[in-house]
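*Asks:* Take this structure, written in C-alpha coordinates, and hold onto it; I'll ask about it next.
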Amino acid sequence: MKPSNRRNFLQLGAVGLASGAASLVLPKGTQATEPSGTIDEYTRFIAKTDARPLTEIPAMKRPPMIATEDNILGPYYRKGAPFRGKVTPPREPGDVIVIQGRVWGIDSRAPLANARLDIWQANAAGRYDNDDAKNPPAANVFYNRCRLAVDETGYYEFETIRPGRYQIGTDRWRPSHIHYLIAAPGYKPLVTQLYFKGDPENGRDSFIKKSLIIEPTKIASAGGTYELGQFDIVLERA
Ligand SMILES: [Fe+2]
(Lines give C-alpha, C1' and ligand atoms only; values in the text may rest on other atoms or scores of the structure.)
Protein backbone atom coordinates (compact mmCIF):
# COMPACT_ATOMS: atom_id res chain seq x y z
CA MET A 1 0.00 0.00 0.00
CA LYS A 2 1.38 3.43 -0.96
CA PRO A 3 2.07 5.71 2.04
CA SER A 4 -0.63 8.17 0.91
CA ASN A 5 -3.20 5.37 0.56
CA ARG A 6 -2.25 3.99 3.92
CA ARG A 7 -2.70 7.45 5.44
CA ASN A 8 -6.20 7.70 3.93
CA PHE A 9 -7.06 4.25 5.24
CA LEU A 10 -5.84 5.05 8.72
CA GLN A 11 -7.83 8.27 8.68
CA LEU A 12 -10.96 6.29 7.78
CA GLY A 13 -10.19 3.88 10.63
CA ALA A 14 -9.57 6.70 13.07
CA VAL A 15 -13.20 7.78 12.72
CA GLY A 16 -14.19 4.59 14.52
CA LEU A 17 -11.56 4.86 17.21
CA ALA A 18 -12.33 8.47 18.00
CA SER A 19 -15.90 7.79 19.09
CA GLY A 20 -15.43 6.95 22.74
CA ALA A 21 -13.02 4.00 22.65
CA ALA A 22 -10.34 5.95 24.55
CA SER A 23 -12.56 6.08 27.65
CA LEU A 24 -12.99 2.28 27.79
CA VAL A 25 -10.46 0.84 30.25
CA LEU A 26 -10.72 -2.48 32.10
CA PRO A 27 -10.54 -2.39 35.91
CA LYS A 28 -7.22 -3.27 37.56
CA GLY A 29 -6.76 -6.97 38.21
CA THR A 30 -8.90 -8.05 35.23
CA GLN A 31 -8.14 -11.65 34.25
CA ALA A 32 -7.60 -12.74 30.66
CA THR A 33 -10.51 -14.68 29.19
CA GLU A 34 -9.98 -18.40 29.78
CA PRO A 35 -9.22 -20.55 26.75
CA SER A 36 -11.32 -23.59 25.97
CA GLY A 37 -8.69 -25.04 23.66
CA THR A 38 -5.46 -24.16 21.93
CA ILE A 39 -4.75 -22.69 18.51
CA ASP A 40 -2.87 -25.93 17.68
CA GLU A 41 -5.96 -27.99 18.47
CA TYR A 42 -8.08 -25.65 16.38
CA THR A 43 -5.63 -25.80 13.45
CA ARG A 44 -5.56 -29.62 13.64
CA PHE A 45 -9.38 -29.69 13.75
CA ILE A 46 -9.71 -27.46 10.68
CA ALA A 47 -7.07 -29.46 8.78
CA LYS A 48 -8.84 -32.71 9.69
CA THR A 49 -12.34 -31.60 8.69
CA ASP A 50 -11.64 -29.78 5.43
CA ALA A 51 -10.59 -26.42 4.09
CA ARG A 52 -14.07 -24.90 3.93
CA PRO A 53 -14.36 -21.36 5.25
CA LEU A 54 -16.43 -21.03 8.41
CA THR A 55 -19.06 -19.02 6.56
CA GLU A 56 -20.02 -19.60 2.97
CA ILE A 57 -19.68 -16.61 0.67
CA PRO A 58 -22.43 -16.89 -1.92
CA ALA A 59 -21.49 -17.17 -5.56
CA MET A 60 -22.63 -13.83 -6.91
CA LYS A 61 -22.68 -12.62 -10.48
CA ARG A 62 -19.84 -10.25 -11.29
CA PRO A 63 -21.40 -6.84 -12.01
CA PRO A 64 -20.67 -4.88 -15.19
CA MET A 65 -17.59 -2.72 -14.61
CA ILE A 66 -19.43 0.58 -14.83
CA ALA A 67 -18.89 3.11 -12.05
CA THR A 68 -21.82 3.07 -9.61
CA GLU A 69 -23.86 6.24 -9.96
CA ASP A 70 -23.94 8.72 -7.12
CA ASN A 71 -27.06 10.02 -5.40
CA ILE A 72 -27.90 12.78 -2.94
CA LEU A 73 -26.56 12.57 0.62
CA GLY A 74 -29.86 13.87 2.02
CA PRO A 75 -30.29 15.66 5.35
CA TYR A 76 -30.10 12.68 7.73
CA TYR A 77 -26.51 11.44 7.60
CA ARG A 78 -24.70 11.14 10.95
CA LYS A 79 -21.02 10.37 11.41
CA GLY A 80 -19.72 7.64 13.69
CA ALA A 81 -22.30 4.83 13.46
CA PRO A 82 -21.11 1.59 15.07
CA PHE A 83 -19.50 -1.24 13.09
CA ARG A 84 -22.05 -4.07 13.00
CA GLY A 85 -23.69 -6.38 10.48
CA LYS A 86 -27.27 -5.61 11.48
CA VAL A 87 -28.59 -2.14 10.78
CA THR A 88 -31.72 -2.34 12.95
CA PRO A 89 -32.19 -3.09 16.65
CA PRO A 90 -33.48 -6.56 17.64
CA ARG A 91 -37.13 -7.19 16.70
CA GLU A 92 -37.41 -3.96 14.75
CA PRO A 93 -40.86 -3.89 13.06
CA GLY A 94 -40.74 -4.38 9.31
CA ASP A 95 -40.02 -6.87 6.55
CA VAL A 96 -36.57 -8.39 6.96
CA ILE A 97 -34.18 -7.96 4.08
CA VAL A 98 -30.53 -8.95 3.69
CA ILE A 99 -28.36 -6.96 1.32
CA GLN A 100 -25.12 -8.44 0.04
CA GLY A 101 -22.57 -7.30 -2.50
CA ARG A 102 -18.96 -6.54 -3.22
CA VAL A 103 -17.03 -3.31 -3.62
CA TRP A 104 -14.95 -3.28 -6.83
CA GLY A 105 -12.28 -1.06 -8.37
CA ILE A 106 -13.14 0.00 -11.89
CA ASP A 107 -9.48 0.09 -12.97
CA SER A 108 -8.37 -3.29 -11.63
CA ARG A 109 -11.79 -4.94 -12.13
CA ALA A 110 -11.00 -6.66 -8.81
CA PRO A 111 -12.67 -6.49 -5.39
CA LEU A 112 -11.36 -3.88 -2.95
CA ALA A 113 -10.42 -5.54 0.33
CA ASN A 114 -10.08 -2.29 2.30
CA ALA A 115 -13.44 -0.66 1.54
CA ARG A 116 -15.75 0.64 4.23
CA LEU A 117 -19.44 1.36 4.04
CA ASP A 118 -21.64 3.70 6.00
CA ILE A 119 -25.33 2.71 5.87
CA TRP A 120 -28.38 4.64 7.09
CA GLN A 121 -32.09 4.41 6.48
CA ALA A 122 -35.60 5.19 7.71
CA ASN A 123 -37.60 2.74 9.83
CA ALA A 124 -40.72 1.01 8.46
CA ALA A 125 -42.76 4.14 9.25
CA GLY A 126 -40.42 6.34 7.19
CA ARG A 127 -38.70 7.95 10.19
CA TYR A 128 -34.98 8.65 10.73
CA ASP A 129 -33.54 8.81 14.23
CA ASN A 130 -32.62 12.46 13.68
CA ASP A 131 -35.60 13.79 11.73
CA ASP A 132 -37.17 15.48 14.76
CA ALA A 133 -35.06 18.51 15.64
CA LYS A 134 -36.90 18.86 18.99
CA ASN A 135 -35.98 15.30 20.06
CA PRO A 136 -32.52 14.57 18.70
CA PRO A 137 -30.97 11.17 19.51
CA ALA A 138 -28.22 10.89 22.12
CA ALA A 139 -24.78 11.26 20.54
CA ASN A 140 -23.96 7.58 21.10
CA VAL A 141 -27.32 6.16 19.93
CA PHE A 142 -27.48 5.17 16.27
CA TYR A 143 -30.84 3.78 15.27
CA ASN A 144 -31.02 2.13 11.84
CA ARG A 145 -27.43 3.00 11.00
CA CYS A 146 -24.19 1.06 10.81
CA ARG A 147 -20.75 0.94 9.32
CA LEU A 148 -19.19 -2.12 7.75
CA ALA A 149 -15.73 -3.21 6.68
CA VAL A 150 -15.68 -5.54 3.67
CA ASP A 151 -13.85 -8.86 3.92
CA GLU A 152 -10.73 -9.85 2.00
CA THR A 153 -12.85 -10.52 -1.10
CA GLY A 154 -14.53 -7.11 -1.01
CA TYR A 155 -17.73 -8.75 0.24
CA TYR A 156 -20.21 -7.11 2.59
CA GLU A 157 -23.56 -8.18 3.98
CA PHE A 158 -26.05 -6.65 6.36
CA GLU A 159 -29.50 -7.46 7.71
CA THR A 160 -32.14 -4.78 8.01
CA ILE A 161 -35.83 -4.14 7.28
CA ARG A 162 -37.41 -2.56 4.23
CA PRO A 163 -37.33 1.19 4.90
CA GLY A 164 -40.64 3.06 4.80
CA ARG A 165 -41.42 5.85 2.35
CA TYR A 166 -41.45 9.40 3.69
CA GLN A 167 -43.02 12.64 2.62
CA ILE A 168 -40.99 15.57 1.34
CA GLY A 169 -42.96 18.71 0.55
CA THR A 170 -46.73 18.80 0.30
CA ASP A 171 -47.42 16.06 -2.25
CA ARG A 172 -44.11 14.26 -2.77
CA TRP A 173 -42.93 11.01 -1.24
CA ARG A 174 -39.54 9.40 -1.40
CA PRO A 175 -39.59 5.73 -2.43
CA SER A 176 -38.09 3.14 -0.09
CA HIS A 177 -34.30 3.51 -0.18
CA ILE A 178 -31.11 2.82 1.77
CA HIS A 179 -28.32 5.39 1.93
CA TYR A 180 -24.67 4.41 1.31
CA LEU A 181 -21.37 6.20 1.73
CA ILE A 182 -18.49 4.06 0.46
CA ALA A 183 -14.78 4.78 0.84
CA ALA A 184 -11.67 2.83 -0.12
CA PRO A 185 -8.03 3.98 -0.16
CA GLY A 186 -7.05 5.33 -3.56
CA TYR A 187 -10.66 5.59 -4.81
CA LYS A 188 -13.19 8.42 -4.97
CA PRO A 189 -15.60 8.23 -2.02
CA LEU A 190 -19.13 7.58 -3.26
CA VAL A 191 -22.42 8.77 -1.80
CA THR A 192 -25.36 6.89 -3.23
CA GLN A 193 -28.69 5.18 -2.51
CA LEU A 194 -30.20 1.77 -3.18
CA TYR A 195 -33.83 1.50 -4.38
CA PHE A 196 -36.26 -1.40 -4.82
CA LYS A 197 -37.97 -2.46 -8.01
CA GLY A 198 -41.76 -2.14 -7.87
CA ASP A 199 -41.99 0.73 -5.38
CA PRO A 200 -44.99 2.84 -6.50
CA GLU A 201 -43.07 6.06 -5.84
CA ASN A 202 -40.10 5.11 -8.07
CA GLY A 203 -41.71 6.71 -11.11
CA ARG A 204 -42.37 10.05 -9.38
CA ASP A 205 -39.16 10.52 -7.39
CA SER A 206 -36.85 13.20 -8.74
CA PHE A 207 -33.63 11.75 -7.26
CA ILE A 208 -33.83 8.06 -8.19
CA LYS A 209 -31.51 6.63 -10.85
CA LYS A 210 -32.45 3.46 -12.72
CA SER A 211 -29.06 1.81 -12.20
CA LEU A 212 -29.52 1.96 -8.42
CA ILE A 213 -32.73 -0.12 -8.37
CA ILE A 214 -32.37 -3.73 -7.21
CA GLU A 215 -34.84 -6.61 -7.35
CA PRO A 216 -34.62 -8.73 -4.18
CA THR A 217 -35.75 -12.35 -4.15
CA LYS A 218 -37.82 -14.05 -1.45
CA ILE A 219 -36.01 -16.70 0.58
CA ALA A 220 -37.81 -19.28 2.71
CA SER A 221 -36.02 -20.17 5.94
CA ALA A 222 -36.87 -22.04 9.14
CA GLY A 223 -37.54 -18.71 10.86
CA GLY A 224 -39.88 -17.43 8.13
CA THR A 225 -39.35 -15.71 4.82
CA TYR A 226 -37.04 -12.83 4.17
CA GLU A 227 -35.79 -10.97 1.12
CA LEU A 228 -32.28 -11.08 -0.31
CA GLY A 229 -30.91 -8.35 -2.52
CA GLN A 230 -27.55 -7.84 -4.25
CA PHE A 231 -25.98 -4.42 -4.57
CA ASP A 232 -22.44 -4.29 -5.91
CA ILE A 233 -20.51 -1.05 -5.92
CA VAL A 234 -17.87 -0.09 -8.48
CA LEU A 235 -15.60 2.78 -7.46
CA GLU A 236 -13.60 5.14 -9.63
CA ARG A 237 -9.91 5.89 -9.05
CA ALA A 238 -9.24 9.04 -7.03
FE1 LIG B 1 -33.43 9.12 2.81
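The values are calculated or read from the model by the stated rules, or taken from the named source; none is laboratory data. Model, not experiment: these values are computed from the prediction. With ideal geometry, Cβ positions are generated from the backbone for all residues, glycine too; neighbour counts draw on all protein chains shown. These area figures cover heavy atoms from the full protein model, side chains too; ligands, DNA and RNA do not enter into them. Shrake-Rupley method; radii C 1.70, N 1.55, O 1.52, S 1.80 Å.
*Asks:* Leaving out ligands, DNA and RNA, what percent of the accessible area of the chain is carbon and sulfur, probe 1.4 Å?
*Replies:* Answer for the chain: carbon and sulfur cover 56 percent of the accessible area.
*Asks:* Using only Cα atoms, what is the ratio of the radius of gyration of the chain to 2.2 N^0.38 Å?
*Replies:* 1.13
*Asks:* Same structure, new question: What's the magnitude of the charge dipole for the range 142-195 around its Cα centre, counting Lys and Arg as +1 and Asp and Glu as -1 at the beta-carbon? Answer in Debye, nearest 20.
*Replies:* About 360 debye.
*Asks:* In the range 138-238, which trypsin sites (Lys or Arg not before Pro) are in a loop and have at most 13 other Cβ atoms within 10 Å, using DSSP for the loop call?
*Replies:* Loop-located and lightly packed - Lys197, Arg204.
*Asks:* Sticking with this one: If you fit an axis through the alpha-carbon atoms of helix 3-18 and take the longest principal axis of the Cα set of the chain, what angle between them do you get, 0 to 90°, nearest 10?
*Replies:* Long axis of 3-18 versus the principal axis of the chain: about 80 degrees.
*Asks:* Taking the 0 to 90 degree range and rounding to the nearest ten, how far is the long axis of helix 39-49 tilted relative to the main principal axis of the chain, both from C-alpha atoms?
*Replies:* 70
*Asks:* Please compute the modelled spin-label separation between Lys218 and Asp40, points set 7 Å along Cα→Cβ, answer in nm with one decimal.
*Replies:* With each label point 7 Å from Cα toward Cβ, the separation is 5.4 nm.
*Asks:* So what is the relative contact order of the range 86-238, in percent, for Cα pairs below 8 Å that sit 6 or more residues apart?
*Replies:* Relative contact order here is 31 percent.
*Asks:* Ok, one more. Normalized C-alpha radius of gyration of the range 164-214, against 2.2 N^0.38 Å?
*Replies:* 1.30
*Asks:* When only alpha-carbon atoms count, how far does the range 143-185 stretch along each of its three principal axes, as whole angstroms with the largest first?
*Replies:* Extents along the principal axes: 46, 23, 17 Å.
*Asks:* Still on this structure: Just flag the chymotrypsin sites (Phe, Trp or Tyr not before Pro) in the range 170-236 sitting in loop per DSSP whose Cβ has no more than 15 other Cβ atoms within 10 Å.
*Replies:* Phe207
*Asks:* Here's a follow-up. With the contact rule set at Cα under 8 Å and sequence spacing of 6 or more, what percent relative contact order holds for the range 104-172?
*Replies:* Rounded, it is 42 percent for the range 104-172.
*Asks:* Express the Stokes-Einstein translational diffusion coefficient of the range 99-173 in µm² s⁻¹, to the nearest whole number, given a Kirkwood radius over alpha-carbon pairs, 37 °C and a viscosity of 0.692 mPa s.
*Replies:* The estimated diffusion coefficient comes to 224 µm²/s.
*Asks:* Here is the link list: Lys86/Lys197; Lys134/Lys210; Lys188/Lys209; Lys28/Lys86; Lys86/Lys209; Lys61/Lys209. Which ones come out longer than 31 Å on Cα distance?
*Replies:* Lys134/Lys210; Lys28/Lys86
*Asks:* Under Stokes-Einstein, with the Kirkwood radius over Cα pairs standing in for Rh, what whole-number D in µm²/s applies to the range 107-238 at 10 °C and 1.306 mPa s?
*Replies:* The calculation lands on 96 µm²/s.
*Asks:* DSSP loop GluC sites (Glu not before Pro) in the range 125-193 with at most 11 other Cβ atoms within 10 Å of their Cβ, which ones?
*Replies:* In loop regions of the range 125-193 (DSSP not H, G, I, E or B), the sparsely surrounded GluC sites (Glu not before Pro) are Glu152.
*Asks:* Could you give the accessible area per residue of the chain, probe 1.4 Å, as a whole number in Å²?
*Replies:* Result: 61 Å² of accessible area for each residue.
*Asks:* Which one, Asn123, Ser108, Gly80, is farthest towards the positive end of the dipole of the range 75-129 when Lys and Arg carry +1 and Asp and Glu -1 on their Cβ?
*Replies:* Projecting each Cα onto the dipole axis, the largest value belongs to Gly80.
*Asks:* Moving on. Just to be sure I understand: if I project the alpha-carbon convex hull of the range 57-99 onto a plane and average over all orientations, what area do I get in nm²?
*Replies:* Result: a mean projected hull area of 5.7 nm².
*Asks:* Suppose we keep just the DSSP beta bridges with both residues in the chain; what percent of those would be antiparallel, to 5?
*Replies:* 75
*Asks:* With a point put 7 Å past each Cα toward its Cβ, work out how far Ala32 is from Lys209 in nm, to one decimal.
*Replies:* Each label point is offset 7 Å from its Cα along the Cβ direction, giving 5.0 nm.
*Asks:* Just the number, please: Stokes-Einstein D of the range 50-170 in µm²/s, Kirkwood Rh from C-alpha pairs, 20 °C, 1.002 mPa s.
*Replies:* Once the numbers are plugged in, D ends up at 131 µm²/s.
*Asks:* Treat every Asp and Glu Cβ in the range 67-223 as -1 and every Lys and Arg Cβ as +1, leave all other atoms uncharged, and give the resulting dipole magnitude about the Cα centre to the nearest 20 debye.
*Replies:* 140
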